[in-house]
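Below you'll find the structure, written out as structure tokens, and then a few comments.
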Amino acid sequence: MAAPDHLVIFDTTLRDGEQSPGATMNKNEKLRIAKALEKLRVDVIEAGFAIASQGDFEAVKAIAETIKESTICSLARALDKDIDRAAEAIRPAAQGRIHTFIATSPIHMQHKLQMKPDEVVEQAVRAVKRARSHVDDVEFSCEDAGRSELDFLCRIIEAAIDAGATTINIPDTVGYAIPEEFGETIRQLLNRIPNADKAIFSVHCHNDLGLAVANSIAAVTNGARQVECTINGLGERAGNASLEEIVMAVRTRKDLFNIDTRVNAEHIVPASRLVSTITGFPVQPNKAIVGANAFAHESGIHQDGVLKHRETYEIMRAQDVGWHTNSLVLGKHSGRNAFRTRLQELGIQFETETELNEAFTRFKALADLKHEIFDEDLQAIASDTKQKEEIGRYGLVCMKVASETGVVPKATLTLTVDGTEHTVTSEGSGPVDAAFKAIESLVDSGCNLQLYSVNNITSGTDAQGEVTVRLERGGRIVNGVGADTDIIIASAKAYIEALNLVTSGGIRQHPQVADV
Ligand code: KIV
Ligand code: ZN
């Protein structure tokens, strides 16, 4: 296989990213993110784990039907049933890939798989062959490669390539590796495996020690030509390598890397915002590239330097990664056409005219309150509208909250439960607490509130507040997100969305639970 002329970016926001507790996304949300990834020009979109549930299967299939420019991939354990399901889901794709994996570390083989190394090799070969019977583009991953023995990795990878794998992925599944060591592993694998030139070598690093990006970069320096990563570094536990950091590291230091990605970096910030809004995982202000402070200079010396010559303190231009899109787009007098056009530019589509009308009504109401409407506001309106159309045992009809110095706060809410209206009142330590208690007095969900956070979507006191509520019940964790210029209303919306999510959704398999 000819070495690629660019660094292949394999985005797994919709698969590994979705494995973050509470980051579950529905089909429409995944489609919106997939469109943003296509716009970003990522090479491969890992759209999901098709066998996990009917919902996951439908989402992978819908993405395969819609996306034309990126390869669409589904994950599959090294099992016939997984591989066949993945193949079915990606069948409509213009370019499809099956990604199959099995664990290769002694600890995983002995305790999780309870298989001998010989059996693992045999199973890997079988899986790759089966995947190749469906598609030409097959990726094979050695799960927990970061803790696997080099000799065994060489053996299983050589066999997988012989069986037809076209990409070999080396995951540091538990985020254990250190950059120098990980880079050396990649170098050794490429040198020692006789048929290494027949496949592209990839890495997939987790961030448990905060080293996912550093390890990925060390791997690229040593010959890896695909990096698996996610928007905002979303992913299991501490997350995956962050796409924006990998792309910008390679591009900014082109003096060191004689390879670039095909990513259109101007779409990075909008994609980051979209993922954050949909998953309810806020981006920390000091996050590289996409954090609110990434290009903000606080100290007088820095400000002075930047004003005299930008490159004194800035190594990248904010607009090159999409910060310029944070501009005023629409206002109170904008009409339906301008609204529709801007939504299209943002990749937001409504399935019905009724949905569009509903969103337009919300836009007008918001424009009355805050006059200047930004792209981020439109994203929030779109999420809110789609959410309302899609799910819901529970709905918010109206609410009234009393908050006064020296008086116990009180909230009265009218909610629909399975279509019937109920009005409830509760007191609380604050207005949000009172609102949540009022909801619970009716619903009695048995959920534990794990997280409550508020972020402003744009700047200014008239901005919409975006609230994330994380609820847990019986081990199932969900995030609800609500946006409104009134943060108490946003809070109630987020709580109700989380309740709707916790009461919907069937059983889902986790890819890394053995079933071999
Ligand atoms: O972290 C991991 O090992 C994975 C594999 C399934 C690639 O996500
Ligand atoms: Zn992973």
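The values are calculated or read from the model by the stated rules, or taken from the named source; none is laboratory data. This one's a predicted model, so the numbers in the text were calculated from it and none came from an experiment. Neighbour counts run over all protein chains shown; Cβ positions are idealised from the backbone, glycine included.
Looking only at the range 49-92, count every residue that is among the acidic types (Asp, Glu) and within 21 Å of CYS142 (Cβ to Cβ) and tell me the total. Count: 2.
Any residue at all in the range 264-287 that's within 16 Å of ligand 2 (Cβ to nearest atom) and either within 21 Å of PHE101 (Cα to Cα) or over 13 Å from the mean Cα position of the chain (by Cα) (or both)? Checked the range 264-287: no residue is within 16 Å of ligand 2 (Cβ to nearest atom) and either within 21 Å of PHE101 (Cα to Cα) or over 13 Å from the mean Cα position of the chain (by Cα) (or both). Screening PHE101, PHE49, PHE57 for residues that are more than 13 Å from ligand 1 (Cβ to nearest atom) and among the aromatic types (Phe, Trp, Tyr) leaves exactly one candidate, PHE57. Checked against the criterion of being under 30 Å from GLU372 (Cα atoms) and crowded, with 18+ Cβ neighbours inside 10 Å, the candidates VAL478, VAL469 yield just one match: VAL469. Given the criteria over 18 Å from GLU497 (Cα atoms), modelled with pLDDT of 95 or more and not aliphatic (A, V, I, L, M), does LYS437 qualify? When the stated conditions are applied, LYS437 does not pass them.
Examine the range 60-70 for a residue that is surrounded by 24 or more Cβ atoms within 10 Å (Cβ to Cβ) and within 16 Å of ligand 1 (Cβ to nearest atom), and state whether such a residue exists. So far as the range 60-70 goes, yes, one or more of its residues are surrounded by 24 or more Cβ atoms within 10 Å (Cβ to Cβ) and within 16 Å of ligand 1 (Cβ to nearest atom).
In the range 279-294, is there at least one residue being part of a helix (DSSP H, G or I), aliphatic (A, V, I, L, M) and either under 27 Å from ASN169 (Cα atoms) or more than 16 Å from ligand 1 (Cβ to nearest atom) (or both)?
Checking the range 279-294: not a single residue is part of a helix (DSSP H, G or I), aliphatic (A, V, I, L, M) and either under 27 Å from ASN169 (Cα atoms) or more than 16 Å from ligand 1 (Cβ to nearest atom) (or both).
Checking the range 443-453 against the condition returns a match, with at least one residue being farther than 22 Å from ASN293 by Cβ, assigned to a helix (DSSP H, G or I) and in contact (Cβ under 8 Å) with a residue 12 or more places away in the chain.
Looking across the range 124-156, the residues that are outside any strand (DSSP E or B) and within 15 Å of ligand 1 (Cβ to nearest atom) come down to ALA124, ALA127, VAL128, ALA131, ASP144, ALA145, GLY146, ARG147, SER148, LEU153, ILE156. In the range 241-250, the qualifying residues are those that are part of a helix (DSSP H, G or I) and closer than 16 Å to GLN284 by Cα, and the one that is nearest to ligand 1 (Cβ to nearest atom) is LEU243. Of the residues making up the range 464-516, those that are in a loop (DSSP other than H, G, I, E, B) and either touching a residue at least 24 places away in the same chain (Cβ under 8 Å) or more than 16 Å from ligand 1 (Cβ to nearest atom) (or both) number 17.
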